[in-house]
Every structure is written in C-alpha cells, then in structure tokens.
1. Where does each of 53-59, 74-80, 134-140 land if you order them by average Cβ count within 10 Å, highest first?
2. Suppose we look only past 20 Å in the calculated P(r) of region 68-138. What percent of the Cα-Cα pairs does that tail hold?
C-alpha cells in the first residue's frame, strides 16, 4: 500500500516560543497614563506641603520663643516709670516699658529713660540662654527736683498778656 506523505508541521518547543508575548499590557492611550501620573504627583504635593508648612511653622515658633537671652536693667534708685529703647546693628528699634525683657542674641545699644529725667545710653551683648544685667546710674532726688523746676522758671513774653504765671 502506498503511503501518503503527510505534511510535516514544525513543532515548536515549549522552551522557545515562536512569537514574543507581551508581559505588560500596553496602554492604548498615552494621555491616560500622563493624567494618572499627574494625579499621583498632585496627591503627594497636596499631602506633603501642609506637613512641610507645619514643620516650618513649629521651627520658626521654637526659634523665636526659645532662642533668646534675658536682659535686666538695674538702677541705682527706685523709679516710677521706665522706657528702654533697644537698637540692633541693623537699625531695628524696639521699645520696652519694663526693666526685664528678652532679646535674640547679638549686640545692642540701649537708651534708658527713667521718670523722664534724661536718657542714659548703654551697650550690651546678649548671649543665648544667659542673663545680661545693665547697670544705670539715675540722678539723685535733689537733681530730680532741680530738673523739674527748670521748666517753671520760664516767664511769659510781653505779648502773652493772657497767660498767668
């Protein structure tokens, strides 16, 4: 019996595929992947920026409240009121109406006026977490009375006939 020749088919071995199969699904539309990536970045920013802002605020608050030194103005006699003007090297000015206050570390020039009898000038260096004492010599009570009497010594001029002495 004559045998018929059967067509031979190439059998592919399981180790070598004839065609490479994609392992990942290819996006059908590239704009959708950009949109998803943008949404992911925006969600990270929306979550991260307030956290970074809160950390920065806490740092600034801590630096402003705890990175200071104490200044105490000590006088030779008691006084009724005191005004201390503080100038730094940059020219910034702060006014205090108490003998004890806090400043950031640095060099300062103080203008101290107790009972409005004249300004006393002093320079000081404020150190971190240290107490700086500034000694001021105030005029005595006799000098005080003389200073208060001087403005009353002025008389009226001849054209000011309506003023009383």
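Every read-out reported here was derived from the displayed coordinates using simple, explicitly stated rules and does not represent laboratory data. If you're wondering where the values come from, they're calculated on a predicted model, not measured in any experiment. Ideal geometry is used to build each Cβ from the backbone, glycine not excepted, and the neighbour counts take in all protein chains shown.
1. 134-140, 74-80, 53-59
2. Cα-Cα pairs of region 68-138 separated by over 20 Å account for 21 percent.
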